[in-house]
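The values are calculated or read from the model by the stated rules, or taken from the named source; none is laboratory data. All of these numbers come straight from a predicted model, not from anything done at the bench. Glycine gets a Cβ as well: all are built from the backbone with ideal geometry, and neighbour counts include every protein chain shown. The area values use the complete protein model at the heavy-atom level, side chains included, leaving out ligands, DNA and RNA. Shrake-Rupley method; radii C 1.70, N 1.55, O 1.52, S 1.80 Å.
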Amino acid sequence: MNDLLNNRVFLDLETSGLNKEKDKILQIGVIKFRYIDHIGSLNLFVNQELDEKTIKKFSHIEHRIKHGFEEKSALETLVNFIGTSLIISHNIPHDLVFLNKALLRNGMKPLENNFLDTLSLSKHRTVYPHTLEGMCRKYNLTYEKNENGTHNALLDAWNLYALYEELEQESLKYEDEMEWEGDEEQMEYFINRICYFENYPPPEDIPTNAVVEPIRRLTSSNKLKKRFVDFNIIRSL
């Protein structure tokens, strides 16, 4: 196994919305592993000024945001905790663009870590939907939420870890059975790789160290069919 996969963090963010220019990070959830050992966790609520509509939307954590870390302090804690670890996230372009904009806003360097995007991996493995919750349910995993049914960044980091473990075991299983048609189903293949469906434009805010790959959408549950577009289309940004 690639040693990058042995030193990894599972990251999830709660943001006030999806607008990378206007919305803000409210919660950062991270869990860190070295090989199979859980090294530690971070659950950082970030003190942000929010409008009344956003406060109402996040009323369940309003008091924790109000008494949370200042943004720069939260980011410093995060960067020190992550170090040089591989960052695993579900839709990593979203998480990195929010984090890197916040880092630059606070006079800090953007993250340049290697990464693995489980959303890209999910698009290779199964039919729609590919949300973290949808993928957990496909693999018969309990998807943990807050008691009131809302999302929580730290719980989602653990949900992500559970999904990753299932996907990794699936890779090992089919490697042993020699059923994969190439190395594209191995976990190492997805390090620094962003996949998107060929009939859609590539996602915005691609990390600078990413390889971007168009793929065909699966239309059946046959997960072993090869579905690459011409490799000449694959581009490295």
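Considering Cα pairs under 8 angstrom that are at least six residues apart, work out the relative contact order of the chain and quote it in whole percent. Walk me through the intermediate numbers first.
Details: 384 pairs, mean separation 43.7, N = 237.
Relative contact order of the chain: 18 percent.
Quick check: pseudo-label points 7 Å beyond the Cα along Cα→Cβ at R137 and Q186, how many nm apart are they?
Once both label points are built, they end up 3.4 nm from each other.
Run down the lysines and flag those whose C-alpha is under 17 Å from the C-alpha of K109, throwing out any fewer than 8 positions away in its chain.
Leaving aside lysines fewer than 8 places away in the same chain, those within reach of K109 are K72, K101.
For segment 1-84, what's the relative contact order in percent, using C-alpha pairs closer than 8 Å and at least 6 residues apart?
On the way: 112 pairs, mean separation 19.1, N = 84.
RCO, segment 1-84: 23 percent.
Positive end of the dipole of the chain, charges at C-beta (+1 Lys, Arg; -1 Asp, Glu), about the Cα centre: which of L121, Y143, H60 has its Cα farthest in that direction?
H60
So what is the 222 nm mean residue ellipticity for the chain from helices alone, if each DSSP H run of at least 4 adds -39500 (n - 2.57) and you divide by all residues, rounding to the nearest 500 deg cm²/dmol?
Values: 7 runs with 77 residues, N = 237.
Rounded to the nearest 500, the figure is -10000 deg cm²/dmol.
Using heavy-atom solvent-accessible surface (probe 1.4 Å) with all chains present, what is the largest-first order of R137, R8?
Details: R137 135, R8 15 Å².
The ranking, largest first, comes out as R137, R8.
What ranking do 112-121, 205-214 get when scored by the average of other Cβ atoms within 10 Å per residue, highest first?
On the way: 112-121: 22.2, 205-214: 17.5.
Packing proxy ranking, top to bottom: 112-121, 205-214.
Using Cα positions and a limit of under 28 Å, work out the lysines in reach of K173, with same-chain residues fewer than 8 apart set aside.
Leaving aside lysines fewer than 8 places away in the same chain, those within reach of K173 are K32, K123, K138, K223, K225, K226.
Where the convex hull is taken over the Cα atoms of segment 1-94, what is its projected area averaged over directions, in nm²?
Across all orientations, segment 1-94 yields a mean hull projection of 6.8 nm².
Can you tell me the length gained on complete extension of the stretch E62 to R34, counting 0.36 nm per residue apart and subtracting the Cα distance?
Numbers: separation 28, 0.36 × 28 = 10.08 nm, distance 3.35 nm.
Answer, rounded to one decimal: 6.7 nm.
Can you give the convex hull volume per residue for the Cα atoms of the chain, as a whole number of Å³? Kindly include the intermediate steps, with their values, before the conclusion.
Values: hull volume 31.7 nm³, N = 237.
Given the Cα convex hull of the chain, per-residue volume reads 134 Å³.
For the chain, with only Lys/Arg (+1) and Asp/Glu (-1) charged at the beta-carbon, what is the dipole magnitude about the Cα centre, in debye rounded to 20?
Values: 29 positive and 38 negative charges, 130 e Å.
That gives the chain a dipole magnitude of about 620 debye.
Can you compute the FRET efficiency between N6 and E144 using 1/(1 + (r/R0)^6), with r the Cβ-Cβ distance and R0 = 30 Å? Round to the nearest 0.05. Walk me through the numbers before you get to the answer.
Details: r = 25 Å, r/R0 = 0.84.
For R0 = 30 Å, the calculated efficiency reads 0.75.
Under a point spin-label approximation (7 Å from Cα along Cα-to-Cβ), what is the K72-E168 distance to one decimal in nm?
Output for this residue pair reads 3.7 nm.
Roughly how many whole Å is it from the C-alpha centroid of segment 1-65 to that of segment 90-167?
Rounded to whole Å, the Cα centres lie 10 Å apart.
Towards the positive end of the charge dipole of the chain, with charges on Cβ (+1 Lys, Arg; -1 Asp, Glu), say which of P203, S171, H38 has the farthest Cα.
Sorting the options by dipole projection puts first P203.
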